[in-house]
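No value in this document is a laboratory result; all are computed from the given coordinates. Values in this document were obtained by computation on a predicted structure and should not be read as measured data. Cβ coordinates were reconstructed from backbone atoms using ideal geometry, including for glycine residues, and neighbour counts include every protein chain displayed.
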């Protein structure tokens, strides 16, 4: 069965010729809980597809992957995590897209002695005082891309931004992050409903304000709806945002309305290293589409696990934890390292939306923040 045909609830023993788990090491069972149906499904599908591609390419017969759909519901995610830990006997959990789901699952999983590796959600509660030695974030802390957006907005002279995000943990982290690095004033600040699709009222408020720019964090379908409605409104204010609002899947749905928009990301398809070039090429060949930020994060998360498997037995938690911390793998981002709180210290780039043939995509135009670490690391006792 090819990766393209994987269903929402799949148990896959990916046993192929090639590098096997180190001699004498136990097999590793990974539970991937992610959003595969309903709103935001594209994000979870990309995380899953990136993760499974890395496992397939490794040829490692020592890893088994179980995939389940959380339907973007915290109670479903908790039930799936409990089932995977207690019945499936997984060693590692990963996959969650949304921060409210991560906050519902991660503390319980780590308390039960399991590793959790986040390929996306990075709420501040798990980066600071709530950090845990068995929790690793392979993507970023939630504030980071928004901090870079705030710094970029200031650098290009925006002085009165109107800012908005969904009313859930990552949305709150987003606006905090933007304001932390933004030196101007605010023309307005709004929290929208998670999953909202009609932004007429918010756009009316932007129009009535004296804003000189707009910053928004609206991932998945929310961003598609807002951008289309904003373009149709005739408001001609420059827009700045994080990659989540201008990522590969979103851009095809939005079209010309996104052209020229500048956004921030720790990854893009044109980062110049061998691992990234190979990833972009093989992902496109496997799935028939360009990879997204989310796919890159799933891919890196799997490769981190595989690198640790080559050094330690997952049943020896201290040794396996140390191997994860080393992050000795070829990241699509280039150099990769964890800070004291097991979150990345990394460069964050400014990208611009362009069109290549018939495909909307991004190109890197500058580096927004260099070797950036989240502010909550200082509160982590690890």
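Suppose we filter 148, 200 for residues that are touching a helix residue (DSSP H, G or I) at 6+ places or on another chain (Cβ under 9 Å), surrounded by fewer than 22 Cβ atoms within 10 Å (Cβ to Cβ) and on the phi < 0 side of the Ramachandran plot; which single one remains?
200
For residue 120, work out the one condition from (1) under 15 Å from the mean Cα position of the chain (by Cα); (2) in a helix (DSSP H, G or I) it doesn't fulfil.
Result: residue 120 fails condition (2) only.
Is it fair to say residue 318 is out of contact with any strand residue (DSSP E or B) (no Cβ under 9 Å at 6 or more places or on another chain), outside any loop (DSSP other than H, G, I, E, B) and more than 15 Å from residue 303 (Cα to Cα)?
Answer is yes for this residue.
How many residues are part of a strand (DSSP E or B), touching a residue at least 12 places away in the same chain (Cβ under 8 Å) and either within 16 Å of residue 290 (Cα to Cα) or touching a strand residue (DSSP E or B) at 6+ places or on another chain (Cβ under 6 Å) (or both) when one looks only at the stretch 344-361?
12
Inside the stretch 321-343, can you point out the residues that are farther than 15 Å from residue 137 by Cβ, assigned to a helix (DSSP H, G or I) and touching a helix residue (DSSP H, G or I) at 6+ places or on another chain (Cβ under 7 Å)?
Matches in the stretch 321-343: 323 only.
What are the residue pairs meeting all of these: first residue in the stretch 222-234, first residue on the phi > 0 side of the Ramachandran plot, second residue assigned to a helix (DSSP H, G or I) and surrounded by fewer than 16 Cβ atoms within 10 Å (Cβ to Cβ), Cβ atoms under 9 Å, and 6 or more apart or on different chains?
234/207
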